[in-house]
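The values are calculated or read from the model by the stated rules, or taken from the named source; none is laboratory data. Quick caveat: nothing in here was measured; it's all calculated off a predicted structure. So basically every Cβ, Gly included, is an ideal-geometry build from the backbone, and we count neighbours across all protein chains shown. Calculation scope for accessible area: heavy atoms of the full protein, side chains included, ligands and nucleic acids excluded. Shrake-Rupley method; radii C 1.70, N 1.55, O 1.52, S 1.80 Å.
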Amino acid sequence: MPKKQPADTDSAPDIIPDVLPLLPLRDVVIFPHMIFPVLIGREGSVLSVTRSIEGDKYIFVCPQKDAAIEDPEPRDLHRGGTIAKILQVLKLPNGLMKVLVDGLAQGMIEEHLPDDGNGARVRVRQLARRPRLTTRLRAYVRQLDVLFGEYVRLHRNIPNETLIAFEGLDDAQRKVYYAAANMHADVATKMAILEMEDLQAQYEEAVRVLRAEIAIMKMEVEIDNKVHDNIQRSQRKYFIQEQIRILQTELDEDEAEPGNEYEALRARIATSAMSDDARRKANEELDKLQRMPGMSPEATVARNYLDWLLAMPWGVYTDDNLSIVNARAVLDTDHYGLDKPKQRILEHIAVLNLVGEIKGQILCFVGPPGVGKTSLGKSIARAMNRAFVRIALGGVHDEAEIRGHRRTYIGSMPGKIAQAIKKAGSANPVVLLDEIDKMSSDFHGDPASAMLEVLDPEQNNTFNDHYLDVDFDLSKVLFITTANVRYGIPLPLQDRMEIIELPGYLEHEKLEIAKRHLVNKQIALHGLASRRLRFEDRSLMKIIREYTLEAGVRNLERDIATICRKTARSVVEEDAAAKKKQPRTAHTITPALVEEYLGVPKQRPKKRQGDKVGSVTGLAWTSVGGDILHVDVTLMRGAEKLTLTGQLGDVMKESAHAALSWLRSNTDRLGIPEGAFEKREIHVHIPEGAIPKDGPSAGLTLTMSMLSAVRGIPARGDVAMTGEITLHGDVLAIGGLNEKLLAARRHGIRTVLLPKDNEPDLRDVPPAIAQGMKLIFVGHIDEAIQHVFRPLPRAGRRIS
């Protein structure tokens, strides 16, 4: 016989069996003393309800841990639940079943019985208890009464009748069940109360949950009150603003003064030289502005737009100074060297003298940092008596920065081009677009594409900024762009510009720049003009050669400034010691003082090597000027392979393979011993391995160094060479002739082998560089051999 217990109710004398049908619930907890309708539709639930109805109508209701599980296993159910009795069953038209259950007592699942096909069954232990009301428990009951009353009053979705029913309960057990059932909490929180077997513990948990919920609801009420107050203040402010606007409108209509703000704007629009389209647009915006509330955001946007439109220099042009003599004087005063850019500017001014206007003159200065690209643009503007504006394009990645933002966005503004024209105050300034190769593109758009319209003479007379939304004529603007590298400029932009290369300064040019500009500038900045400070030429050359390695003169100027600072300190200390304000001693900066002030030289000059086997001197071009290149070759026993070290680029590696192929195909006539390449590893190394090297012009040098190593004949150390080679031994032209010859001269090499195709380029080499040097032009490797080796190799038939 199963053990049976009486129900935990005063009005139910029934005996409840300990094995009951199981009804899993989703997202709902049924407490004892609670009548609750349940909608069921799952097959297992229907079977459990049917078994209960056919029996004594008792059933155990237990919530699932996860409501998403369709067929819950025993591990998916909570252990605690409520023993209930089915009061009514109603089948609905949609196939579901509505079951009205009455919670009788608290129970705990002891065992899940095997499924017999008629629904799940569990063995249940009923918690039948009559707790003794201790003093502590009475205190918890009173606390629950207060907290639940406050909870109901704060909660918006619980009716006041719930509190009335709660206050009518006398039983402590029923009170805690009723409060827990009416909390708007999750299943886990309610089950934590239902599964507790001690009544005082249930009260403690219920009080804790109610306190937490009340704190959250108080914060929600506080937030709602703040939001309500802010809305009321905004509405009141808007109401007052509307009253002020209406009163102001009435005053304006009554007074009708000619000095009215809107009338003043309308007069400015009428007298402006803007285009008809722009004037029509401005009047439309002004009409809208007059109808808007003065304090509304739209009024601010419209007023800013009108201010920008009126601030643009419509029809304002400065008078050009087209004197070639003046232009030449200004350019020569501001810059030493840079002959090609200066000649191009003078040609531009000469044509302007004849025709008055030129279209399509977009200049692009390309060169390394510090060679004077930006300052040259300023000098051009000064020579032509035009306003100068510089636009930094480095890092610009948004198209709107060039063409402006549309006025639909908060904080929108015109683009950099329109801002530059406004800043210049004229429609024909010199606009320098600095670092045009540093623009980038991303999801905001491609600013380089927006530049196409700006720099196209056939389109920029109707340039349309997105913010202004009217055409503006940029055809009178002289655009000058700068870049460090040509390949960083998109090809469509290159097609619209005339690119002028600005190579790095040579040593003698840096010396002249320092003497004419840098030294005087730094002496004046450091207050040494009256101290007769003087730099010797040897000192300046020492700084150039041993302390700077650059194409421009920025580091040179920094080092001169350092010497001036240290000299200024010495002067002040001398004054303090002699107690004089104006000492008569002159200060001369000697090479020894340079090393004392600047420390150990940073650039150690390469020593010219003597005659060596397998070592030949080449010439290289770098972004900071020319340099010599020692190519070392050695042979060793090993696998037949060519090893290349020294951080060589792909092009230089290909030149080394081409040199080796030419030697192996001409071994007989070059006197190379038979089998010289068999079982031999050829190692080619170019020192200063930390510096990457690339380019085809080392082909001749590589060939001579390999030939010297294979034949065992020393190569002359006083001869340098450069030239690209082919597999037939032809020597091709190279670039950077000025820089390479200057590097040879600086290192004491007076004999240089050059490609025959570069002979016409000698006219562009300054006489100061080529003077006293022996330049030998060769068209084939055979012609170079006799100048590289002192003991000539055995002559042979030329093979091409």
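At a Förster radius of 60 Å, what calculated FRET efficiency corresponds to the Cβ-Cβ distance of ARG153 and ILE410, to the nearest 0.05?
0.90
Across the stretch 28-101, how large is the tail of the calculated P(r) beyond 20 Å, expressed as a percent of all Cα pairs? If you can, show how the numbers build up before the last one.
Working: 773 of 2701 pairs.
I get 29 percent for the Cα pairs in the stretch 28-101 exceeding 20 Å.
Given labels modelled 7 Å from the Cα in the Cβ direction, how far is it in nm from MET636 to ASP71?
Placing both labels 7 Å beyond Cα along the Cβ direction yields 7.6 nm.
Can you find, among ALA400, VAL572, LEU432, the residue sitting farthest towards the positive end of the charge dipole of the chain, where Lys and Arg contribute +1 and Asp and Glu -1 at Cβ?
Farthest towards the positive end: VAL572.
Just subtract the alpha-carbon distance of MET292 and ARG142 from 0.36 nm times their residue separation and send over the number in nm, one decimal.
Numbers: separation 150, 0.36 × 150 = 54.00 nm, distance 6.20 nm.
Roughly 47.8 nm would be gained on extension.
Report LYS373's accessible area, 1.4 Å probe, all protein chains in place, as a number in Å² to the nearest 10.
20
Just to be sure I understand the model, the point goes 7 Å from the Cα along the line to the Cβ. What's the resulting ARG680 to SER475 distance in nm?
A separation of 7.1 nm, rounded to one decimal place.
Given the Cα atoms of the stretch 676-800, and with Rh set as the inverse mean 1/r over their pairs in the Kirkwood sense, what is Rg to Rh to two decimals?
Using Cα coordinates only, the ratio equals 0.97.
Provide the per-residue ³J(HN,Hα) series for the stretch 64-75, in order, calculated from phi with Karplus coefficients 6.51, -1.76, 1.60 and θ = phi - 60°, each as a whole number of Hz, with x at glycine and proline positions.
Per-residue couplings from phi come out as 7, 6, 10, 5, 7, 6, 7, 10, x, 8, x, 5 Hz.
For the pair THR135 and ILE53, what calculated FRET efficiency results from E = 1/(1 + (r/R0)^6), where r is the Cβ-Cβ distance and R0 = 35 Å, to the nearest 0.05?
Between ILE53 and THR135 the formula returns 0.15.
Arrange the residues ASP320, ASP456 by how much accessible surface each exposes, largest first, with a 1.4 angstrom probe.
ASP320, ASP456
Throw me the Rg/Rh for the stretch 674-747, computed over C-alpha atoms with Kirkwood Rh, two decimals.
Details: Rg = 14.2 Å, Rh = 14.4 Å.
When Rh is taken as the Kirkwood radius, the ratio is 0.99.
For helix 297-311, what angle does its Cα long axis make with the longest principal axis of the chain, in degrees from 0 to 90 and rounded to 10?
10
Send over the per residue convex hull volume for the stretch 408-567, Cα only, as a whole number of Å³.
Dividing the Cα hull volume of the stretch 408-567 by its residue count gives 190 Å³.
Please report, for the Cα atoms of the stretch 143-283, the Rg to one decimal and the Dmax as a whole number; what are they, in angstrom?
Values for the stretch 143-283 (Cα only, Rg and Dmax): 32.1, 92 Å.
What do you get for the angle between helix 537-546 and the principal long axis of the chain? Use alpha-carbon atoms, 0 to 90 degrees, nearest ten.
50
Size of the dipole of the stretch 291-379 about the Cα centre, Lys and Arg at +1 and Asp and Glu at -1 on the beta carbon, nothing else charged, in debye to 20?
With only Lys, Arg, Asp and Glu charged at Cβ, the dipole is about 200 debye.
D for the stretch 69-174, whole µm²/s, Stokes-Einstein with Kirkwood Rh over alpha-carbon pairs at 20 °C and 1.002 mPa s: what number?
Translational D for this selection: 120 µm²/s.
Is any residue of the stretch 93-122 close enough, with backbone N under 20 Å, to a label point placed 7 angstrom from the Cα of VAL19 along the Cα-Cβ axis, and if so, which?
107-122
If each residue of separation counts as 0.36 nm, what is the full-extension length gain between THR300 and GLU284 once their alpha-carbon separation is subtracted?
4.2 nm
Which order do the peptides 716-723, 692-699, 212-219 come out in when sorted by mean C-beta neighbours inside 10 angstrom, highest first?
716-723, 692-699, 212-219
How would you order 204-210, 568-574 from highest to lowest mean count of nearby Cβ atoms within 10 Å?
Taking the mean over residues of other Cβ atoms within 10 Å, the ranking is 204-210, 568-574.
Can you give the accessible area of ARG532 in Å² (nearest 10), computed on protein heavy atoms with a 1.4 Å probe?
Probe radius 1.4 Å; accessible area of ARG532 about 140 Å².
So if I take the centroid of the Cα atoms in the stretch 132-169 and the same for the stretch 313-383, what is the distance between those two points in Å?
The stretch 132-169 and the stretch 313-383 have Cα centres separated by 90 Å.
Report, please, the projected area of the stretch 649-705 averaged over directions, based on the convex hull of its C-alpha atoms, in nm².
4.3
Any idea what angle helix 135-154 forms with the longest principal axis of the chain, computed on alpha-carbon atoms, 0 to 90 degrees, nearest 10?
The angle comes out at about 60 degrees.
Between VAL355 and ASP277, what length comes free when the chain is fully extended (0.36 nm per residue of separation minus the Cα-Cα distance, one decimal in nm)?
Roughly 25.1 nm would be gained on extension.
Using the per-residue mean of other Cβ atoms lying within 10 Å as a proxy for protection, in what order, highest first, do the peptides 88-100, 306-318, 539-551 fall?
539-551, 306-318, 88-100
Given R₀ = 60 Å, FRET efficiency for GLU595-ASN461 by Cβ-Cβ distance, to 0.05?
Plugging the Cβ-Cβ distance into 1/(1 + (r/R0)^6) gives 0.50.
For the residue pair SER665 and ASP170, what label-to-label distance in nm results when each label sits 7 Å from Cα along the Cα-to-beta-carbon direction?
For SER665 paired with ASP170, the spin-label model returns 12.0 nm.
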